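Step one of this worksheet: look at the structure below.
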Amino acid sequence: NGVVYIGWSSHEDKSPWYGWMMGYSYNGSSFTQTAVFNSTPNGQQGGIWMAGGGAAADSSNNLYILTGNGPFDATSKSAPNNDYGDTLLKLSGGLTVMSYFTPSDQLSDYQNDEDFASGGAAILADLPAGNPLTHLLMAGGKDGSIYLLNRDALGGSGDSAAVQKTSLGSSIYATGAYWNGSYYLVGVGGPLTAYQLNASIPQFNKAGSSSNNFNFPGSTPSVSAAGTSKGLVWAVDNGSYCTPQSGACGPAVLHAYNATNVTTELWNSSMVSSDKAGNAVKFTVPTVANGKVYLGTRGNNTGGVSGSTSVSGELEVYGLKGN
């Protein structure tokens, strides 16, 4: 709706920090700040990071974000009651809280560095009228729980407010992708997993997994398709992302799967030497446009400063090869 929104938290958990969202409009020559939101104004932390994912938005210009470790007091009957650590928030375009969902283990998440905000929110396409719910959302975090939620009634505090809770089996540092009734997600050290929606309940059931696993931090998948046919799921293994935490430095590996049966891998960029990508960047997401897939990498940079190697960054472009 003509506003650019940004969210952020800490750098390497350097205190003090807060979770911030801000909105900016553009008049053709300059930006003007339109709104500001702090997720934990009385207690710090509550970072809005979502493993690099952006805020989700619906057709009514509402935003959906997850917050990380931080205090939660929204159920308090007296002030302060506007701290939303480890919570999914529905925000208006003016960045006021319209509703929220907080998992039952919020306090444990906060105390044990189990950020709910390590994953992002995925809005599902509106379901046809006649189904019990038409506006759904999927979200999850470090504890590996995936929540299916009703966007029209997030429900407040407690897992009982969720439409469905299921376990991915590994920590989530990604935002899922949704296509044609299927939801796709990759957890830490796990495979690409597909879930099929039964809209009449509604409920997701596991439909299959890839044969290969992805290293930390897992992967945020993208889907390409011709409408409701010819679906491909693209996911990147960024495990060797060249910082001390990763423990390794090497190429990103882009994978392509049949979206109707993710047990079938169609291609990956390590199969042919000429398809090899540059060194991995943590949290990178494949972008699909113009019949091609685009992937940002380090080039041959091995974790040093820009210019320490001959190619400090590189954009890989993949498409069908000519006959």
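The values are calculated or read from the model by the stated rules, or taken from the named source; none is laboratory data. Since the model is a prediction, treat every value here as computed from it, not as a measurement. Quick reminder, even Gly has a Cβ in these numbers, built from the backbone with ideal geometry, and neighbours come from all protein chains shown. When the accessible area is computed, the model is the full protein with side chains, heavy atoms only, and any ligands, DNA or RNA have been set aside. Shrake-Rupley method; radii C 1.70, N 1.55, O 1.52, S 1.80 Å.
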Seminar exercise, completed: Filtering the stretch 217-239 down to residues that are surrounded by fewer than 18 Cβ atoms within 10 Å (Cβ to Cβ), outside any strand (DSSP E or B) and in contact (Cβ under 8 Å) with a residue 24 or more places away in the chain yields 228
For this session: Tell me which of these residue 147 doesn't satisfy, since it passes every other one: (1) within 24 Å of residue 57 (Cα to Cα); (2) of a type in the set (Phe, Trp, Tyr); (3) open to solvent by 10 Å² or more (accessible area, probe 1.4 Å).
Result: (3)
Exercise. Of 129, 139, which residue is surrounded by 20 or more Cβ atoms within 10 Å (Cβ to Cβ), within 22 Å of residue 204 (Cα to Cα) and either at pLDDT below 95 or among the aliphatic types (A, V, I, L, M) (or both)?
Worked result: 139
Problem set entry | Condition met for residue 321 (open to solvent by 60 Å² or more (accessible area, probe 1.4 Å), at pLDDT 95 or above and not polar (S, T, N, Q)) | no
Seminar exercise, completed: Of the residues in the stretch 240-268, those that are of a type outside the set (A, V, I, L, M, F, W, C) and either under 23 Å from residue 289 (Cα atoms) or in a strand (DSSP E or B) (or both) come to 241, 251, 255, 257, 258, 260, 261, 263, 264, 265, 268
Seminar exercise, completed: Only one of 195, 257 is aromatic (Phe, Trp, Tyr) and touching a Lys or Arg at 6+ places or on another chain (Cβ under 8 Å), namely 195
Problem set entry | Among the candidates 157, 224, 167, residue that is over 15 Å from the mean Cα position of the chain (by Cα), more than 28 Å from residue 112 (Cα to Cα) and among the small types (Gly, Ala, Ser) | 224
Exercise. All but one of (1) part of a loop (DSSP other than H, G, I, E, B); (2) under 17 Å from residue 149 (Cα atoms) hold for residue 89; which doesn't?
Worked result: (1)
For this session: Hey, can you tell me all the residues within the stretch 91-120 that are within 18 Å of residue 64 (Cα to Cα) and open to solvent by less than 10 Å² (accessible area, probe 1.4 Å)?
Result: 91, 95, 101, 102, 103, 116, 117, 118, 119, 120
Exercise. Quick one: would you say residue 87 is of a type outside the set (A, V, I, L, M), at pLDDT 95 or above and farther than 27 Å from residue 142 by Cβ?
Worked result: no
Problem set entry | Subset of the stretch 116-126 [out of contact with any strand residue (DSSP E or B) (no Cβ under 7 Å at 6 or more places or on another chain), at pLDDT 95 or above and in a loop (DSSP other than H, G, I, E, B)] | none
Exercise. Quick one: how many residues across the stretch 72-90 are open to solvent by less than 10 Å² (accessible area, probe 1.4 Å) and not acidic (Asp, Glu)?
Worked result: 4
